[in-house]
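As structure tokens, the structure follows; a few thoughts come after it.
The values are calculated or read from the model by the stated rules, or taken from the named source; none is laboratory data. Worth saying up front: this structure is predicted, and the values here are computed from it rather than measured. Here the Cβ positions follow ideal geometry from the backbone for every residue, glycine too, while neighbour counts run over all protein chains shown.
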Amino acid sequence: MKGAETGGWRWHALVERIEPETIGPSVALVAMIVTFSILSPYFLTRNNFTNVLVQSAPLLILAAGQTFALLMGGLDLSQGSIVSLVSVVTAGVIMRHHIVLGALAGLGAGFGISLVNGLLIGRARIQPFIVTLGTLYMAAGLAMVYSGGSSIFGLPKPDEDYFFWFGGGFVGPIPVPVLIAALLIAAIYVVLTRTRFGRHVYAVGGSESVAVMSGIELGRVKILIYLISGGCAALAGFLMSGRVISGQPLLGAGDILLQSIGAVIIGGTSVFGGQGGVLRTVLGVLVIAFMVNGLNLLAIDTFVQQVIVGAIIILSVWVNSLRRRRA
Amino acid sequence: MTSAAPMPPSGAPAEVVLEVRGLRKTYPGVVALDQLDFDLHRGEVHALLGANGAGKSTLIKIVAGLYRADAGEIHIDGRPVDLRDTQTAQALGISVIYQDFALVPHLSVAENLFLGREFVTPLGLIDWRRTHAEARRLLARLNIDIQTTAVVSSLSMGQRQLVEIAKALGIDARVLILDEPTASLSRGEVDTLFALIRKLAQSGVGIIYVSHRLEEIASLVNRVTVLRDGRSVGTYPVDQLDRRNVVALITGQERRSQETSSREARTRGQPLLELRHLSRAREFEDISLTLHRGEILVLTGLVGAGRTELLETIFGARRAAGGEIRVGGQPAKFSSPRDAIRSGIALLPEDRRGHGIAVIMPVFANVTLASLVQFVRLLLLQPKRELQHARRMISYLSIRTPSPFQAAGLLSGGNQQKLVLAKWLSTSAEIFLLDEPTQGIDVGTKDEIYRLVRGLAAAGKAVLVVSSDLEEVLELGDRIIAVRQGRIVGEFANNALDPTLLVDAITHGRAA
């Protein structure tokens, strides 16, 4: 008993002890790294690893936010469109005014969409899937309207350099986006495991009616969840735009949304809500990032890569459900 | 009491329809069944008794094909069978009615009755006329008065149970298992059910009847098997048992004499909760009552009498249409349970798994769910203190769990109920609303819960209990209010009260 007390009970032990759900993606990650190291001489280099981390930083941020929506038993489909909207608004305002104003306006636009999500889901009680499907279209449309459908580039100096610093700069040896992602994930980890709000997220995902009957304000929890999810998307959009030093109306229109949801699921967070955590999501992002990188190095076609990512998403959920059935 | 007398063959050699030998099932850290033997005869009603966690549910779920045993054999009509899934079990004529309802809420009664074995036209479309005709026939045979087109979610808990039974009987069952079948039925519905069970037994069906209510056994059952800690402690003809030695078999010890003296010892304090002409359309009407500190007031009546709805209204989960609620003399307007909790009200809901505990959350998080604020320092939860508190509550209420990290849904029913109590005892609640607090709970745990409830009153809290269990009503209540069809029809001081008066008020609305 004494040993269990001291060994078993550090806090992260409480919400995310070494849980069987994480074994699958961990094994996959290790197996991939070993395989790619053997097949490609370039894979296991410091340069490549730095590259993978820099490229996956926006996805880490998006997926960390998405984790809240899935933990609640919901989904945030508007993340990709928020990335696009933040991109063009930020670049557009920098063009006419200043980087500070650009950042405020861009991130503000992203938070605006998130607030709409939150209010419709938390107050009007509409299904998250439907609300965020709607705002997916709306934000994507707004991005096109604002930019007139074309990229915004040729930003003034020195704003251009500041902007790039966020997406591609360094603090000492550490790339800025990686640093920001790491700090954000640490903060989210603390929120989920050590705050009342975090516990309420798990409770709402576990059982809404029990949460209400225990005095939890359902509406407030849901609004905050979608503010965080959308806020993360806004931040990711800002960093991604900085990296390309421009406003791109289709920046978030591609794979990134589905990768964000996929990473959370591959990491082992339950799509039914109530079980999972942000560290699992980090694992999920790494699986996707290293796989894409490794397949690129082996010169495997991007379309084939899509097939493989899809298969891994299904496989990871399947493995977990098999384990649950056996228990 | 461990020397289990072997069952002597009585009269004609009985035909064994279901035989279980050496069954073993373990979960991580728990042995649920160990070397279990059990047999069921054709045409008998066989009661399965045991405390929460004794292994009854596990046994049933293995026989139903839901779980697989680690070791042991199951024979049907003398042939060994492999019950690998529920379809296999059903095909062998094993039909189960679970405690947690297995109906699809948004489908109609008829659709539920024939779910998975729909009648189809030659074109492969559902034959609705035949479906409803068969459904009506089935319900009529069981004297159940429910429209076949009614959507299940619109039915009361009692009505749902009847539909569930009808569904199980729709399959040609040779072994019928009923898990705590009368928990939410009114007395009339229970009589209907019993008549039905007798008829089925006469037609040769072997029936396993799982129950906690000992008084039900005698009139219905032929034999009784008692489980304790995953083992059988013996099978007996029902006439060799009386209530006292059944309790001793279940708990492994003599039940303590009932604490009747504690009632007189308490004094009634200030009024804490007052209801004035409280009404809600088609649920309850003109309810006025006063609940005092140090008092246990019991509200009794048939299922569907509006009692659960009344408690949920007091708790802010429903809005009253008219009338007033006063807490501590001040008028209270609750727009959510959160407001009610802040005013010191706690509700132990009837639907334990749906409203009481979050089944996938760990035990410790359920304990602290309504009182997290007291473990926060500088915005952060203090895990050490939270866990310390949870452990204290677990040992105070003797909640049986391998660890505080165990998912709450894996606990047995009685321990889940204690967990809900632990959640509210962690808050600063002064008014406790208990809705059917011991429904589906074994006698041993029942006594513990009664002791806790009396302890609350003795500590100056006000307790309002809703119960349909007459024995419980008489055991707990200082005062008893009878409700019929949403109205108060009588109030009784529980002082040498004649139970027939109470039953009369509940069923016929005649006040004393």
Quiz item: Only one of B:E386, B:E350 is over 24 Å from B:G316 (Cβ atoms), charged (D, E, K, R), surrounded by 20 or more Cβ atoms within 10 Å (Cβ to Cβ) and not assigned by TED's automatic domain parsing to the domain that holds B:R307; which?
Solution: B:E386
Practice problem: Take the range B:388-420 and flag every residue that is within 12 Å of another protein chain (Cβ to nearest Cβ), more than 22 Å from the chain's Cα centre (by Cα) and hydrophobic (A, V, I, L, M, F, W, C). | Solution: B:A390, B:F405
Quiz prompt | Positions within the range A:267-286 being under 27 Å from A:A139 (Cα atoms) and not in a loop (DSSP other than H, G, I, E, B), in sequence order | solution = A:V278, A:T281, A:V282, A:G284, A:V285
Quiz item: Does B:K423 count as at the interface with chain A (Cβ under 10 Å from one of its Cβ atoms), without any contact (Cβ under 8 Å) to a residue 24 or more places away in the chain and in a helix (DSSP H, G or I)?
Solution: no
Self-check item: Index of the failed condition, B:L497 passing every other in (1) surrounded by fewer than 22 Cβ atoms within 10 Å (Cβ to Cβ); (2) of a type in the set (A, V, I, L, M, F, W, C); (3) within 21 Å of B:A51 (Cα to Cα)
Solution: (3)
Exercise. Determine if the range B:134-156 includes at least one residue that is part of a helix (DSSP H, G or I), surrounded by fewer than 19 Cβ atoms within 10 Å (Cβ to Cβ) and of a type in the set (D, E).
Key: yes
Quiz item: Among the listed residues A:L39, A:L85, A:L70, A:L44, which satisfies the condition of being over 10 Å from the mean Cα position of the chain (by Cα), modelled with pLDDT of 95 or more and farther than 15 Å from A:A234 by Cα?
Solution: A:L70
Self-check item: Sole residue being outside the structural domain of B:D469 (by TED's automatic domain parsing), touching a residue at least 40 places away in the same chain (Cβ under 8 Å) and farther than 18 Å from A:A211 by Cα, chosen from B:L410, B:L369
Solution: B:L410
Quiz item: What do you reckon, is B:L476 touching a residue at least 12 places away in the same chain (Cβ under 8 Å) and away from chain A (no Cβ under 14 Å)?
Solution: yes
Quiz item: From the set of residues in the range B:363-380 that are at the interface with chain A (Cβ under 9 Å from one of its Cβ atoms), surrounded by fewer than 20 Cβ atoms within 10 Å (Cβ to Cβ) and not in a loop (DSSP other than H, G, I, E, B), which is farthest from the chain's Cα centre (by Cα)?
Solution: B:L380
Quiz item: B:R385 versus (1) more than 8 Å from every other protein chain (Cβ to nearest Cβ); (2) out of contact with any helix residue (DSSP H, G or I) (no Cβ under 8 Å at 6 or more places or on another chain); (3) farther than 13 Å from B:A422 by Cα: which is the lone unmet condition?
Solution: (2)
Exercise. Among the numbered conditions (1) at pLDDT 75 or above; (2) surrounded by fewer than 16 Cβ atoms within 10 Å (Cβ to Cβ), tell me where B:E215 comes up short.
Key: (1)
Practice problem: Would you tally the residues in the range B:317-353 being touching a helix residue (DSSP H, G or I) at 6+ places or on another chain (Cβ under 6 Å) and farther than 22 Å from B:L275 by Cβ? | Solution: 1
Quiz item: Got at least one residue in the range A:96-105 being touching a Pro at 6+ places or on another chain (Cβ under 7 Å), in contact (Cβ under 8 Å) with a residue 24 or more places away in the chain and of a type in the set (A, V, I, L, M)?
Solution: no
